[in-house]
Amino acid sequence: MSNKVSCKLPTLIKINSSINYAIHDHYRKTGLTYVDVPEIVGITGACENVDTLFKVGNRLNLPLFFTQTGQLSLEQSLQYFPGVYTIIHSGRDEETEDVRHLRQFRLVEEEFDCTIAGMSLANYSENKMFTTLLSHVESAVKALVSNVVASCSHELETVYNLDTGWLKTVTQKPFYQIPYSEAVILLKWSGFTSLAFGDDLKAEHEQKVVDILNGNQKESGRQIPVFITHYPKEIKFFNMKVSQDDPKVVLSADLILPNAGEAVGSAVREHDGKKLKERLITSTMFDLHKKRGGTYSDFTWYLEDIIMAGKTKPHAGYGIGSERVMQFILNAKDIRECSLFSILSQQSGDWEEKNGSNGLKHSKRQSIVNTSKA
């Protein structure tokens, strides 16, 4: 651990603690119920990216993994409560950590049904649900930033030389919004000529959109976050609701924080069981799932036993990467400097190659192709 990082560690711990306090305080005030979700789960409850799943060894030789998201567990919990949230330690089996990627990070997740948005099945509006979703995301992120500023302003100003006045301003201004299709047009005008509708936006694309909507104010510490909304359905998770107004896109939004990048992924969930099944079996994710030995039956607990059985109301949700929020607050170029997991593991040396000779050695990346029946 470098001396530069080491001397900032006490401050980082305090900031991290402030964010955790703010999470619980904010969601309790909004009437949500905290749910502890399983963090060792089967394939359907684990993945956002099956190529970076941590395989968990066990005596029963079951295909179990360290979870990447608690989303489906929260959706299960909506059978009993109208709004729920959790905090998990999300894992990514990356070859290495770098300025943008961590192996472990904290993910704050919320799911809420239409009654929280003042609707019932009789008067449900997907567009109102989407508007409410963006409001929930924005208020949660602002609550985290506000609490850090309120409790750690001295450290932010003296240790990190930050302008806390501007951070306060960010929490008082509405975040910008732009549809994905319009963002692509702006990017093509700005030099990304090969970009086309349907392409997944990279970090450089997202930051350019932030620059443009902020009037090309290049100083990242002086920019307002941006929602990029209505992504093409082909590049998003199968249970994101396809828009009735435009069947090419889903009711999704990524919140892009200046300098830090995508910090929140969110969407209204598809609640029509037949449409949901069709979206699943035609998705590229399901193709990969089948190649790895999986079948449709792996999803029946969610699709048929919960959604098709009508045990939940129409709902929406999102996940906030805490370290990305911290990176935004600290205006840091390297996310590893904002991660207690990363910094503390540097001291313990747990991820050093030499530890492979301690008698517990396993392959550098365990494939789930042959070990998973899911």
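The values are calculated or read from the model by the stated rules, or taken from the named source; none is laboratory data. Source: prediction; values computed, not measured. We place every Cβ from the backbone using ideal geometry, glycine too, and count neighbours over all the protein chains shown. The accessibility values were calculated without ligands, DNA or RNA, using every heavy atom of the protein model including side chains. Shrake-Rupley method; radii C 1.70, N 1.55, O 1.52, S 1.80 Å.
For the stretch 308-335, a residue qualifies if it is assigned to a helix (DSSP H, G or I) and surrounded by fewer than 21 Cβ atoms within 10 Å (Cβ to Cβ), and exactly one does: Met308. Of the strands (runs of 3 or more DSSP E) lying entirely inside the stretch 173-278, the ones with 3 or more residues being surrounded by 20 or more Cβ atoms within 10 Å (Cβ to Cβ) and touching a residue at least 60 places away in the same chain (Cβ under 8 Å) are found at 252-257, 261-268.
When the criteria are applied in full, Phe105 meets the requirement of being open to solvent by 20 Å² or more (accessible area, probe 1.4 Å) and assigned to a strand (DSSP E or B).
Just a yes or no: is a residue in the stretch 139-149 farther than 21 Å from Gly317 by Cβ, among the aliphatic types (A, V, I, L, M) and modelled with pLDDT of 95 or more?
Yes: the stretch 139-149 contains one or more residues that are farther than 21 Å from Gly317 by Cβ, among the aliphatic types (A, V, I, L, M) and modelled with pLDDT of 95 or more.
The residues on offer are Thr52, Thr69, Thr86, and the sole one that is under 17 Å from the mean Cα position of the chain (by Cα) and modelled with pLDDT under 90 is Thr52. The set of residues in the stretch 283-307 being open to solvent by 10 Å² or more (accessible area, probe 1.4 Å) and touching a Lys or Arg at 6+ places or on another chain (Cβ under 7 Å) consists of Gly293 alone. Restricting attention to the stretch 198-241, the residues being modelled with pLDDT of 90 or more, of a type in the set (D, E, K, R) and closer than 19 Å to Lys333 by Cβ number 5. Which of the residues that make up the stretch 121-131 are free of Cβ contacts under 8 Å to residues at least 24 places away in the same chain and either open to solvent by 50 Å² or more (accessible area, probe 1.4 Å) or within 26 Å of Gly70 (Cβ to Cβ) (or both)? Correct list: Ala122, Asn123, Lys128, Thr131. Looking only at residues that are among the β-branched types (Val, Ile, Thr) and modelled with pLDDT of 85 or more in the stretch 284-300, which one is nearest to Gly198 (Cα to Cα)? Looking at residues that are among the β-branched types (Val, Ile, Thr) and modelled with pLDDT of 85 or more, I get Thr295.
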